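Peer 1: Quick one: this structure, given as structure tokens, is what I'll be asking you about.
The values are calculated or read from the model by the stated rules, or taken from the named source; none is laboratory data. None of these values were measured; they are calculated from a predicted model. Here the Cβ positions follow ideal geometry from the backbone for every residue, glycine too, while neighbour counts run over all protein chains shown. Accessible surface areas use protein heavy atoms only, side chains included; no ligands, DNA or RNA. Shrake-Rupley method; radii C 1.70, N 1.55, O 1.52, S 1.80 Å.
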Amino acid sequence: MYKLVGTISGEVGLHEFDFIVTGEVRRNEYVKVWNELDGWILGRVASIVEAEKKTATVELIGYKDDRGFLMQPRNTFSRDEKVFKADQTFVMDTLGLKSGGIYLGLLDGRNIPVYLRKEELIQKHCSILAKTGSGKSYTAGVLIEELLEKDVPLLIIDPHGEYISLKYENRSEEERKQMEKFGISPEGYASKVVVYTPANFSINPAADKLFRIDGINLSVKELYDLLPLSDAQLGVLYQCINGIKAEKEFYTIEDIIKKVSESKSNAKWRIIHFLERIRETGILSDSPTRIEDLVKVGKASIIDMKGAEPKLQQLIVYRICKEVFEARKMGKIPPFMLVIEEAHNFCPERGFEKAVSSNVLRTIASEGRKFGLGLLVISQRPARVDKNVISQCNTQIILRVSNPNDIRALSRGLEFMSSEMEEEIKRIPQGVALLSSPSIEMPILVDVRVRRSEHGGRAVEMEEVEKKEKIEAESKKKEWNAREEEGRRSMFAKLLFE
Ligand SMILES: Nc1ncnc2c1ncn2[C@@H]1O[C@H](COP(=O)(O)OP(=O)(O)O)[C@@H](O)[C@H]1O
Ligand SMILES: [Mg+2]
């Protein structure tokens, strides 16, 4: 009843062996061999060589002992021992795969579903790292769908507006054909997804609501967090705000600008410029978005950053993170998952860019778990994401990575990475992920399931190209203007958001 795939031959080591292939077997297939002392042992076909005889090399995974620990066999196999295809129960038991939970996809090459524990995702954070176009956002979408099905609240930082498509069911013919294989059906989440825009409805007509920050009674500290002020400028701002406080119970940014412009200090010009830029973004309001509305059971709130400059995006992430962390600590909002796309922009590794959102993200990464605040960190540049954040992610999903710096960064950050795995992740096809998670015994390759809802990434790729062209044209124009005028105004315009 066991399917024979071959017979051991040649050198037999403690960690691997070769066998002559006689049955049907492919790379990454799971096989088992009988061992006198320890019983059935699980192995994975690491490579197959077609020479005179077809030979496969198997890396041993091991067996579960009575206590449920994964063990390596104590002695080598006998020559001529038979190699069988491993049956589903044996594979699941040995790898520690359990049924039920967050359904990610199928064990590569097998029809064995791979699930993650919901609690583990939220309490121990998760990262998705890979090069562009390898399926990061797609895979994040799969996790988001699963969390939505389980009514886990989500807050999604979406720089490219690619998650709005969660509202609609998957329309791809190609992908719908694969749904049966994965045992799923199409589904749109329009009733659960709310899209917020920090800009406005003419820039982002698809948004459901405006995202606004409280602009009333901004403190010196808050402004200092937002603005790159020198000590002298800070001093002026401090004096002005104190002055206003003595006169008014409630004040707006307008009041601050007015007060600062009355100052006699030369430092005031730059402060006014900064304040005006913030005001112009329209992000400040006297009816700010409530954190309790953003994080709600059964809802996914998307902050669609379309139309927001990078610095403003960082500012928004900073404010949101600070508020949700406080709110979670005080139990004002339920446990939830915070999804950060393009994480290298919001918590860059030291030595690369700087972001106001860095510190608070680092805090959430190290302390969030205590309060049921899970992070899902996504990036195409692992080397550029703060390694303190990455190293706190216990579930790692790695898709194809080819940049040598990024592979090195992964190896440094992830203890399970071996040199074989480095080779593996250069080769894995689109949609296949290397998964490492506390609940499974060793990293495995997962054929990530197709999406129930529409994936917005493709449209984004096109938009990105157009945007890039536009930015290039604009920066040329800007340069030209700057040279033409050399005026104070255009110099000023460059000062803040750069
Ligand atoms: N698991 C998958 N199943 C089917 N297609 C996938 C899968 N993962 C990725 N793709 C395809 O790859 C494309 C790029 O994926 P995407 O997640 O947008 O890349 P990234 O975010 O890494 O740049 C998608 O548009 C989709 O067509
Ligand atoms: Mg993407």
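Peer 1: From the list 332, 322, 354, pick out the single residue that is without any contact (Cβ under 8 Å) to a residue 60 or more places away in the chain, open to solvent by 10 Å² or more (accessible area, probe 1.4 Å), among the basic types (Lys, Arg) and not in a loop (DSSP other than H, G, I, E, B).
Peer 2: Values: 332 fails: not in a loop (DSSP other than H, G, I, E, B); 354 fails: not in a loop (DSSP other than H, G, I, E, B).
Of 332, 322, 354, the one residue that is without any contact (Cβ under 8 Å) to a residue 60 or more places away in the chain, open to solvent by 10 Å² or more (accessible area, probe 1.4 Å), among the basic types (Lys, Arg) and not in a loop (DSSP other than H, G, I, E, B) is 322.
Peer 1: Take the range 11-37 and flag every residue that is open to solvent by 40 Å² or more (accessible area, probe 1.4 Å) and either over 19 Å from residue 92 (Cα atoms) or assigned to a loop (DSSP other than H, G, I, E, B) (or both).
Peer 2: Matches in the range 11-37: 11, 14, 15, 16, 18, 20, 22, 24, 26, 27, 36, 37.
Peer 1: Now a separate question. With the structure loaded, tell me whether residue 383 is within 15 Å of the chain's Cα centre (by Cα) and open to solvent by 20 Å² or more (accessible area, probe 1.4 Å) or whether it fails that test. Can you show your working first?
Peer 2: Values: within 15 Å of the chain's Cα centre (by Cα): yes; open to solvent by 20 Å² or more (accessible area, probe 1.4 Å): yes.
So residue 383 passes the test.
Peer 1: When residues of the range 407-425 are filtered for being buried (at least 21 other Cβ atoms within 10 Å of the Cβ) and more than 20 Å from residue 440 (Cβ to Cβ), how many remain?
Peer 2: 1
Peer 1: Every residue in the range 347-397 that is in contact with a helix residue (DSSP H, G or I) (Cβ under 6 Å, 6 or more places away or on another chain), within 16 Å of ligand 2 (Cβ to nearest atom) and not hydrophobic (A, V, I, L, M, F, W, C), please.
Peer 2: Listed by number, the residues that qualify are 379, 381, 382, 384.
Peer 1: Identify all residues within the range 123-135 that are open to solvent by less than 10 Å² (accessible area, probe 1.4 Å) and more than 6 Å from ligand 1 (Cβ to nearest atom); write none if there are none.
Peer 2: Passing the criteria: 125, 126, 127, 128, 129.
Peer 1: Taking the range 331-355 as the search range and keeping residues that are charged (D, E, K, R) and within 12 Å of the chain's Cα centre (by Cα), which one is farthest from residue 370 (Cα to Cα)?
Peer 2: If we filter the range 331-355 for residues that are charged (D, E, K, R), which is where we start, we get 332, 341-342, 349-350, 353-354.
Okay, now just the ones that are also within 12 Å of the chain's Cα centre (by Cα), so 341-342.
Details: 341: 23, 342: 25 Å.
Per the stated criteria, the residue is 342.
Peer 1: Additional query: Go through (1) on the phi > 0 side of the Ramachandran plot; (2) open to solvent by less than 10 Å² (accessible area, probe 1.4 Å); (3) away from ligand 1 (no atom under 12 Å from the Cβ) and name the single condition residue 105 misses.
Peer 2: The number of the failed condition is (3).
Peer 1: May I pose another question? Considering only residues of the range 205-223 that are in a loop (DSSP other than H, G, I, E, B) and at pLDDT 95 or above, which is most open to solvent (accessible area, probe 1.4 Å)?
Peer 2: Of all residues in the range 205-223, those in a loop (DSSP other than H, G, I, E, B) come to 205-208, 211-212, 215-219.
So of that shortlist, the ones also at pLDDT 95 or above come out as 207-208, 211-212.
Numbers: 207: 12, 208: 70, 211: 9, 212: 36 Å².
Going through the qualifying residues, I end up with 208.
Peer 1: So residue 162 passes all but one of these: (1) within 11 Å of ligand 1 (Cβ to nearest atom); (2) not in a loop (DSSP other than H, G, I, E, B). Which condition number does it fail?
Peer 2: Every listed condition holds for residue 162 apart from (2).
Peer 1: When residue 40 is evaluated against the numbered criteria (1) closer than 16 Å to residue 61 by Cβ; (2) part of a strand (DSSP E or B); (3) open to solvent by less than 50 Å² (accessible area, probe 1.4 Å), which criterion, by number, is the only one it fails?
Peer 2: Going through the list (1) closer than 16 Å to residue 61 by Cβ; (2) part of a strand (DSSP E or B); (3) open to solvent by less than 50 Å² (accessible area, probe 1.4 Å), residue 40 breaks only (3).
Peer 1: Follow-up. Return yes when residue 339 is touching a residue at least 60 places away in the same chain (Cβ under 8 Å), in a helix (DSSP H, G or I) and either of a type in the set (Val, Ile, Thr) or surrounded by fewer than 18 Cβ atoms within 10 Å (Cβ to Cβ) (or both) and no when it is not. Full working, then the answer.
Peer 2: On the way: touching a residue at least 60 places away in the same chain (Cβ under 8 Å): yes; in a helix (DSSP H, G or I): no; either of a type in the set (Val, Ile, Thr) or surrounded by fewer than 18 Cβ atoms within 10 Å (Cβ to Cβ) (or both): yes.
So residue 339 does not fit the description; no.
Peer 1: Which one is nearest to residue 124 (Cα to Cα) among residues in the range 357-390 that are of a type in the set (A, V, I, L, M) and assigned to a helix (DSSP H, G or I)?
Peer 2: Of the residues in the range 357-390, the ones of a type in the set (A, V, I, L, M) are 360-361, 364-365, 373, 375-378, 383, 385, 389-390.
Now drop any that are not assigned to a helix (DSSP H, G or I), which leaves 360-361, 364-365, 383, 389-390.
Numbers: 360: 17, 361: 14, 364: 11, 365: 9, 383: 21, 389: 11, 390: 11 Å.
Only one residue tops the list, namely 365.
The rows are residues; the columns are (1) more than 30 Å from residue 22 (Cβ to Cβ); (2) outside the structural domain of residue 448 (by TED's automatic domain parsing); (3) out of contact with any helix residue (DSSP H, G or I) (no Cβ under 9 Å at 6 or more places or on another chain).
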| residue | (1), (2), (3) |
| --- | --- |
| 80 | no, yes, yes |
| 85 | no, yes, yes |
| 126 | yes, no, no |
| 137 | yes, no, no |
| 171 | yes, no, yes |
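Peer 1: Would you tally the residues in the range 136-156 being away from ligand 1 (no atom under 14 Å from the Cβ), touching an Asp or Glu at 6+ places or on another chain (Cβ under 9 Å) and outside any helix (DSSP H, G or I)?
Peer 2: 1
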